[in-house]
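We did not get these values from a lab; they are worked out from the coordinates using the rules stated. Worth saying up front: this structure is predicted, and the values here are computed from it rather than measured. Quick reminder, even Gly has a Cβ in these numbers, built from the backbone with ideal geometry, and neighbours come from all protein chains shown.
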Amino acid sequence: MKVISAITKFGLFAFILIMLNEVMSHPMWGSSATTPPSTVEFALALYGDEWAIATVILGALLAMAMVGASYLVRDERLINLIWDMGGEEL
């Protein structure tokens, strides 16, 4: 079991290093002549043709996660239910 855990940790570390190398080798990091996008350009890029569906799906997933988290946090012990209703414990 410890061997599988160690292999998984090593594989995850190697994956992160490979992804970091790929991101840092992108040609956009070398171009310093261009100006960064403004807020309006970022919003248009985020909600434009390419990312609109992904943003809506991500919003729906986050909303479902919040509803699920609020459901899991509820405390339904009898003493708390009686106290919420304003009654006295028997």
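Principal axis extents of the C-alpha atoms in the chain (largest first, rounded to whole Å): 74, 49, 22. Candidates Ala69, Val56, Val23 compared by Cα position along the dipole of the chain: farthest toward the positive end lies Val23, with charges placed on Cβ. Working note: Karplus 6.51/-1.76/1.60 with θ = phi - 60° gives segment 48-58 the couplings x, 5, 7, 10, 5, 5, 5, 5, 5, 5, 5 Hz, where Gly and Pro are set to x.
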